[in-house]
Amino acid sequence: MSKVLLIEDDQSIADMISIYLAEEDYVVHWAADGKQGTELFHSVEPNVIILDIMLPDMNGIDLCRQFRTESSVPIMMISAKSEVSERVKALIIGADDYLCKPFSMRELAARTSALLRRSTMEKAPAEVNEKVYAHTIKLDLEKRCIYLQNHAVETTFSEFEIMRHFWLHPGKVFSREELLNNIRGIDTFVTERSVDVHITNLRKKVEADPKEPKHIKTVWGVGYKFEL
């Protein structure tokens with residue numbers, strides 16, 4: 001059974017989420033503040049994190065940033081803040097999804113399932129996984145890791161998913177909508193700006209000059225493609 005770490009200070013909301021997800025066969029570990037959430041993060045080793053932005057002892061954005069330096073576990077932020085700037089900020093620091101309050105338990109469960117489904121995808125065929133190209137970027141699909149000059153590059157769950165699709169289809173042009181569907185599923189509400197943020201972050205991590213990318217290229221009016 002998949003383990004969910006829920007960090008939410010409102011007990012009534014936490015109880016509703018815990019009960020609903022338990023009925024969906026998730027094991028939910030609840031923390032009421034950032035300190036307790038950090039302790040459970042290390043002891044439980046969750047498969048997915050649901051993290052409220054407004055916590056009594058710290059900002060959820062800062063906690064998300066902290067988690068992201070240690071793990072690529074999928075993180076869904078939940079908040080009463082619905083501004084686009086807040087969603088973009090969360091994505092930039094490493095969140096994989098953002099859900100605005102109030103939300104339905106059904107939607108929360110669907111998004112949680114989508115994140116877990118993407119993170120536990122079946123292993124790629126061995127011949128694809130072991131394929132090595134004669135250039136500086138390489139992906140290990142089993143370990144879910146990007147290597148640059150043989151050095152591992154830390155990525156978020158969504159960043160790796162985008163790179164994985166690029167890697168498996170070099171030269172293919174993906175629209176923003178296609179990339180969104182690939183990383184989260186068509187039942188999740190996100191914006192095209194989310195993809196732009198992930199692409200910008202990926203370029204900073206794998207391109208020698210992010211402003212003049214040689215691998216992750218923009219196809220104006222269409223989307224993006226990856227060139228070896």
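The values are calculated or read from the model by the stated rules, or taken from the named source; none is laboratory data. Only a predicted model underlies this, so the values are computations on that prediction, with no experimental measurement involved. Quick reminder, even Gly has a Cβ in these numbers, built from the backbone with ideal geometry, and neighbours come from all protein chains shown.
Name the residue that is nearest to H165 (Cα to Cα), counting only residues in segment 204-221 that are touching a Lys or Arg at 6+ places or on another chain (Cβ under 9 Å) and of a type in the set (V, I, T). It comes out as I216. Can you spot a residue in segment 80-95 that is modelled with pLDDT of 90 or more, touching a helix residue (DSSP H, G or I) at 6+ places or on another chain (Cβ under 8 Å) and not aliphatic (A, V, I, L, M)? No, segment 80-95 has no match at all.
Against the condition assigned to a loop (DSSP other than H, G, I, E, B), modelled with pLDDT under 85 and of a type in the set (G, A, S), how does A208 come out, does it pass?
Numbers: assigned to a loop (DSSP other than H, G, I, E, B): yes; modelled with pLDDT under 85: no; of a type in the set (G, A, S): yes.
Taking the combined requirement at face value, the residue does not satisfy it.
Applying the set (1) buried (at least 20 other Cβ atoms within 10 Å of the Cβ); (2) among the aliphatic types (A, V, I, L, M); (3) within 16 Å of the chain's Cα centre (by Cα) to I92 leaves exactly one unmet item: (1).
Taking residues in segment 89-103 that are over 13 Å from R65 (Cβ atoms), and partners anywhere that are among the polar types (S, T, N, Q), the pairs with Cβ atoms closer than 7 Å and at least 6 places apart or on different chains are D96/T156; D96/S158; D97/T188; C100/S79; C100/S82; K101/S79.
Among the conditions (1) assigned to a strand (DSSP E or B); (2) surrounded by fewer than 20 Cβ atoms within 10 Å (Cβ to Cβ); (3) modelled with pLDDT of 90 or more, Y224 misses just one, which is (2).
Comparison of G60, G34 shows that the only residue that is under 21 Å from the mean Cα position of the chain (by Cα), closer than 19 Å to R87 by Cβ and of a type outside the set (A, V, I, L, M) is G60.
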